[in-house]
Amino acid sequence: ELLDYKRVMTHILDRFEFMLKSGKSTKGFVIKREFTTSDIYIEMDQDRMTQVIDNIINNAIKYSPDGGEIFVSIQESHDKVTTIVRDQGLGIPQKDLPHLFERFYRVDKARSRDQGGTGLGLAISKEVIELHGGKIWAESRENSGSSFIFELPYENFEIIDEGWDD
Ligand code: ATP
Ligand code: MG
C-alpha cells in the first residue's frame with residue numbers, strides 16, 4: 001500500500017509519547033523529531049513497518065536506564081528515505097554490532113537479563129526492511145548511545161524532474 005510515511009511515523013511516536021507520559025516510569029524520556037518537509041509516500045506494509053519502529057523505539061527505551069533524548073530523523077535523497085533513531089543509552093560494543101540482527105542475539109546476557117525480550121526484535125526488523133527492499137544497520141560508541149539507521153528505496157520525482165529543467 002502506498003502510504004504517507006511521515007504520518008505513519010507521527011502516529012507511532014505520538015503513541016509512545018502518550019505511553020511515556022501516562023506510565024509510571026520515572027525515567028525522563030524526550031522524543032525529538034526532525035522530519036523532512038517533503039511529503040514521503042512509500043509502498044509499505046503498515047503493520048510490519050510499525051513492528052520494526054516499535055521494536056527500535058522500545059529498545060531505545062529499554063537500553064537507556066537513565067532516560068534521555070530519543071532523536072528520530074527522516075530525510076530523503078533522490079532515491080531513498082533514511083530514518084535514524086538515536087538514543088543516549090548504554091551503547092553497544094563494537095564487537096557486537098555485526099551480530100545484533102541475528103536471531104536470539106543479545107548483548108551481555110547479564111545486562112539484558114532483567115529486560116524482557118527474546119532477542120528476536122532486530123532479526124524480524126531486518127527481515128521486514130529487506131522485504132521492503134531496504135537495509136538496516138546500527139552504529140554506536142559505548143557509553144554515548146546507539147543509532148539504528150534504515151534506508152528504504154524511494155523515487156523522488158520532484159528531484160528527478162528538476163534535472164530536466166533548463
Ligand atoms: P525482543 O526485541 O525480542 O523483545 P531484545 O530487545 O533483546 O528482545 P532485539 O531487539 O533483537 O532483542 O535486540 C538485540 C540486542 O541488541 C538486545 O538484547 C540488546 O542487547 C541490543 N540492543 C538493541 N537495541 C539497543 C539499544 N538501543 N541500545 C543498546 N543495546 C541495544
Ligand atoms: Mg527488542
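Odds and ends about this structure:
- Fewest-first sequence of Met19, Met9 by Cβ atoms within 10 Å of each Cβ: Met19, Met9
- Helical runs (DSSP H, four residues minimum) scored at -39500 (n - 2.57) apiece and divided by the length of the chain put the mean residue ellipticity at 222 nm at -10500 deg cm²/dmol.
- Helix axis angle, 121-131 relative to the chain longest principal axis, alpha carbon, degrees: 10
- Here segment 1-152 is treated as a Stokes sphere of Kirkwood radius computed over C-alpha pairs; at 20 °C and 1.002 mPa s its diffusion coefficient rounds to 135 µm²/s.
- Using the Cβ-Cβ distance between Lys27 and Phe157 with R0 set to 41 Å, the FRET efficiency from 1/(1 + (r/R0)^6) comes to roughly 0.45.
- Helix axis angle, 46-62 relative to the chain longest principal axis, alpha carbon, degrees: 40
- Cβ-Cβ FRET estimate between Ile149 and Glu34, R0 fixed at 22 Å, reported to 0.05: 0.95
- Gain in span if fully extended, Glu43 to Gln75, counting 0.36 nm per residue against the direct Cα distance: 9.9 nm
- In this structure, the amide hydrogen of Lys80, modeled 1.01 Å from its nitrogen in the peptide plane, lies closer than 5 angstrom to those of Tyr154, counting only residues at least 5 positions away or on a different chain.
- For segment 14-89, convex hull of alpha carbons as volume per residue, Å³: 98
- Whole-number percent relative contact order across the chain, with pairs defined as alpha carbons under 8 Å at least 6 apart: 23
- Centre-to-centre separation between the Cα atoms of segment 130-147 and those of segment 1-77: 15 Å.
- Note on segment 1-120: dipole from Cβ charges, positive end direction compared against Val52, Ile42, Pro65; the farthest Cα belongs to Pro65.
- Evaluated over the chain, the count of Lys pairs having alpha-carbon atoms less than 21 Å apart is 19 (only pairs 8 or more residues apart or interchain).
- Lys135, Lys32 arranged by Cβ crowding within 10 Å, fewest neighbours leading: Lys32, Lys135
- Given +1 at the Cβ of Lys and Arg, -1 at the Cβ of Asp and Glu and no other charges, the dipole of segment 1-102 around its Cα centre is 520 debye to the nearest 20.
- From phi via Karplus (6.51, -1.76, 1.60), per-residue ³J(HN,Hα) for segment 85-98 in Hz, x at Gly/Pro: 10, 10, 10, 10, x, 4, x, 9, x, 3, 5, 8, 3, x
- Considering only Leu3, Ser22, Leu122, the residue lying farthest towards the positive end of the dipole of the chain is Ser22, judged by Cα position with unit charges set on Cβ.
A short reminder: the numbers here are calculations on the coordinates, not readings from a lab. Model, not experiment: these values are computed from the prediction. So basically every Cβ, Gly included, is an ideal-geometry build from the backbone, and we count neighbours across all protein chains shown.
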